[in-house]
1. For helix 213-228, what angle does its Cα long axis make with the longest principal axis of the chain, in degrees from 0 to 90 and rounded to 10?
2. Ignoring ligands, DNA and RNA, how do Ile196, Ile218 rank by accessible area with a 1.4 Å probe, largest first?
3. Please give the net charge around Ile176, taking every other residue with its beta carbon less than 12 angstrom from that of Ile176, where Lys and Arg add +1 and Asp and Glu add -1.
4. Given a cut-off of under 8 Å on Cα pairs at least six residues apart, what relative contact order in percent is computed for segment 161-234?
5. Treat every Asp and Glu Cβ in segment 50-155 as -1 and every Lys and Arg Cβ as +1, leave all other atoms uncharged, and give the resulting dipole magnitude about the Cα centre to the nearest 20 debye.
6. Pop out the ³J(HN,Hα) list for segment 55-67 in order, Karplus 6.51 cos²θ - 1.76 cosθ + 1.60 with θ = phi - 60°, rounded to Hz; leave Gly and Pro as x.
7. Relative contact order for the chain using alpha-carbon pairs under 8 Å, separation at least 6, rounded to a whole percent?
8. To the nearest 10 degrees, how steep is helix 86-106 against the longest Cα principal axis of the chain, on a 0 to 90 scale?
Amino acid sequence: AKDQGRNNYRFYAPTMNVSGMERLELENGLRYALERNEMVVYYQPRVNIGTGQIMGMEALVRWQHPELGLVSPGQFIPLAEETGLIVPIGDWVLETACRQNKAWQDAGYPPMHVAVNLSARQFQSPGLTERVREVLEETGLESQYLELEITESITMHDIDFTISVLRELSAMGTLISIDDFGTGYSSLNYLKHFPINTLKIDQSFVREIAIDPYNAAIVTTVIYLAQNLKLKVIAEGVETEEQLSYLREHQCDEMQGYLFSRPVPAEEFEKLLKARQLQ
Ligand code: C2E
Ligand code: CA
Ligand code: CA
Ligand code: CA
């Protein structure tokens, strides 16, 4: 798989806005970033809209680059996908996030879910379910406290394969969510075949709730869809009180967004948990 990654370079990356020099630097650096301990996991709280309680968090990777500073995933995940480096990086995020969540539970905070993003390549890599099982065993985190986020693009790749992997993961007790829901080529039909627990409404719809009736309609429709299918529904990218009150009014379960908190390092996240306990 390593050799395949090397030969599969494509020398463009439309989603990245870095110069050619920076790209080369990134490519070289990315190979060694893990062993040099340059990857960092940030956590963004997921909050119950009715109660304001922190229900869990999403693990979001950053790269602390020695010269470029903190590099956001938008700048290196596409590259990591192309080179196949996303597999070891994603694996490291999974393990780090599970270990951290278990540490918070052991420290006495109320048990929460940690959501980890799975890239298409990771999802298709052999032994994913064994690896998840191993990580849960090694870290001691109970499977019900791990949620795996997949996108519609993964699910449409090879439906039978996707269903079999999702069933294995679900049988293990981990939760599955569909990320960026509404942005992919979704067929609503697959929802009934997939053992999923959560829909995450993409932030592009949430952002325009107050200004675009079309996007507002999509948000309400996804909420109703989730309710009818007995799935949990989470709105991403909530930045304003106005967006929040719309979501509350339409009984969206949880929210994630700058209005409550940006993604923060583990120490900062723990401060949020402490502050909540004192209330
Ligand atoms: P995503 O999974 O959709 O994650 C949500 C993104 O929205 C995060 O960006 C988060 O910081 C951002 N966000 C959250 N609330 C708000 C808000 O109120 N306003 C705005 N404008 N943005 C908000 P981030 O951390 O830069 O990550 C970008 C993407 O990179 C993620 O999108 C995900 O697709 C990918 N990514 C991040 N970490 C990982 C990882 O460990 N593995 C994989 N495969 N992908 C990852
Ligand atoms: Ca996500
Ligand atoms: Ca998302
Ligand atoms: Ca996204």
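1. 80 degrees
2. Numbers: Ile196 15, Ile218 45 Å².
The most accessible residue leads, giving Ile218, Ile196.
3. On the way: positive: Arg167, Lys200, Lys232; negative: Glu147, Glu149, Glu168, Asp179.
Around Ile176, the surrounding residues sum to -1.
4. On the way: 79 pairs, mean separation 21.2, N = 74.
It rounds to 29 percent for segment 161-234.
5. Values: 6 positive and 15 negative charges, 28 e Å.
Charge dipole, segment 50-155, about its Cα centre: 140 debye, nearest 20.
6. Each residue's phi maps through the Karplus curve to give 9, x, 8, 9, 7, 10, 7, 9, 10, 7, 7, x, 10 Hz.
7. About 18 percent, as a whole number.
8. 50 degrees
The values are calculated or read from the model by the stated rules, or taken from the named source; none is laboratory data. Values in this document were obtained by computation on a predicted structure and should not be read as measured data. All Cβ positions, even for glycine, are placed from backbone atoms using ideal geometry, and neighbour counts span all protein chains on display. Areas reflect the complete protein model, heavy atoms only, side chains present, ligands, DNA and RNA absent. Shrake-Rupley method; radii C 1.70, N 1.55, O 1.52, S 1.80 Å.
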